[in-house]
1. Is it the case that some residue within the range 115-129 is open to solvent by 20 Å² or more (accessible area, probe 1.4 Å), under 21 Å from Y205 (Cα atoms) and not aliphatic (A, V, I, L, M)?
2. Please work out if H74 is open to solvent by 30 Å² or more (accessible area, probe 1.4 Å) and within 19 Å of L25 (Cα to Cα).
3. Pull out all pairs, ordered by first then second residue, where Cβ-Cβ is under 6 Å, the residues are six or more apart or on different chains, the first lies in the range 58-80 and is farther than 23 Å from G165 by Cβ, and the second is open to solvent by less than 50 Å² (accessible area, probe 1.4 Å) and assigned to a helix (DSSP H, G or I).
4. Working carefully through the options A215, A152, A195, A171, find the one that is closer than 16 Å to G65 by Cα and among the small types (G, A, S).
5. So which helices (runs of 4 or more DSSP H) are wholly in the range 175-224 and hold at least 1 residues that are open to solvent by less than 30 Å² (accessible area, probe 1.4 Å)?
6. Out of the residues in the range 34-61 that are farther than 15 Å from R107 by Cα and aliphatic (A, V, I, L, M), state the one that is surrounded by the fewest Cβ atoms within 10 Å (Cβ to Cβ).
7. What are the residues in the range 131-142 that are open to solvent by less than 50 Å² (accessible area, probe 1.4 Å) and free of Cβ contacts under 8 Å to residues at least 24 places away in the same chain, if any?
8. Residue under question is V153, and the condition is that it be modelled with pLDDT of 95 or more and touching a His at 6+ places or on another chain (Cβ under 7 Å); does it hold?
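The values are calculated or read from the model by the stated rules, or taken from the named source; none is laboratory data. Computed from a predicted structure; not experimentally measured. Cβ coordinates were reconstructed from backbone atoms using ideal geometry, including for glycine residues, and neighbour counts include every protein chain displayed. When the accessible area is computed, the model is the full protein with side chains, heavy atoms only, and any ligands, DNA or RNA have been set aside. Shrake-Rupley method; radii C 1.70, N 1.55, O 1.52, S 1.80 Å.
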Amino acid sequence: MTDQHRNRSTEAFFGRRKGKPLRALQATHLETVLPVLRLSLDSPAPNDIKALFSHPVDRVRLEIGFGGGEHLIHRAVESPAMGFIGVEPFVNSMAKLVGHIEEKGARNIRLHDDDATQVLDWLPDASIDQIDLLYPDPWPKRKHWKRRFVSAVNLDRFARVLKPGGTFCFASDIDGYVNWTLSFCRDHAAFEWTADNASDWLTPYPGWPSTRYEAKARREGRKSAYLTFRRL
């Protein structure tokens, strides 16, 4: 981590770590399955990040804050030749995804159950094909805006690990955070917004599986934006 990066004590991009008590099977999955899939950040990352996966993959995609895991497991089953790294510090969400992985038999997923910046700083340069940040916590109060994951520092991290031509995909139903992200990416020399017209950012990504959070947002009258930025 370079000197311009904030120290670990100030980089708290997520809130609580645990919710209601886990069911017995969920707890068992976390004890037996998660250790097998968890990244070992104490060791250097392999030069070829595709070596993290137990079978050959041709591309690697990183999802930060996967929530209940609906999107991540959908993409992993949809694209078995792609490797997925999922990051989620919330224990209950991790338990849900691990249950999905066991149910679907997906083995093209690796996991990290702490801060995503740890993974970003561990990954080799130009090793990731796509980064997904989907419906992140908007931290709506001004005093908490510094905790929003999109920042100049984290875009530097994205730029380092993304391959040239790789993509950063951001979805949100909070207009203020959408505009925030557009502003930061506009001001960052490594990224360009790929939209040509309004339908490009109002239309969900190809093969998009609607999540429970997105359905709730629509019921409450909020529209979503789907932004794609290319790594130059």
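1. Taking the range 115-129 and keeping what is open to solvent by 20 Å² or more (accessible area, probe 1.4 Å), we get 118, 121-122, 124-126, 129.
Of the ones still in play, those that are also under 21 Å from Y205 (Cα atoms) are 129.
Then keep just the ones that are not aliphatic (A, V, I, L, M); that gives 129.
The answer is yes; a qualifying residue exists.
2. Numbers: open to solvent by 30 Å² or more (accessible area, probe 1.4 Å): yes; within 19 Å of L25 (Cα to Cα): no.
So H74 does not fit the description; no.
3. F66/L72; G67/S93; G68/S93; G69/L97
4. Details: A215 fails: closer than 16 Å to G65 by Cα; A152 fails: closer than 16 Å to G65 by Cα; A195 fails: closer than 16 Å to G65 by Cα.
Of the residues listed, the single one that is closer than 16 Å to G65 by Cα and among the small types (G, A, S) is A171.
5. Values: elements: 175-186, 198-202, 212-219.
Those helices (runs of 4 or more DSSP H) span 175-186, 212-219.
6. To start, the set of residues in the range 34-61 that are farther than 15 Å from R107 by Cα comprises 40-49.
Restricting the remaining residues to those that are aliphatic (A, V, I, L, M) gives 41, 45, 49.
Values: L41: 14, A45: 18, I49: 22.
Among them, the one singled out is L41.
7. Here is the first cut: in the range 131-142, the residues open to solvent by less than 50 Å² (accessible area, probe 1.4 Å) are 131-136, 138-139.
Result: W139, single match.
8. Working: modelled with pLDDT of 95 or more: yes; touching a His at 6+ places or on another chain (Cβ under 7 Å): yes.
Considered against the rule, which asks whether it is modelled with pLDDT of 95 or more and touching a His at 6+ places or on another chain (Cβ under 7 Å), V153 comes out as yes.
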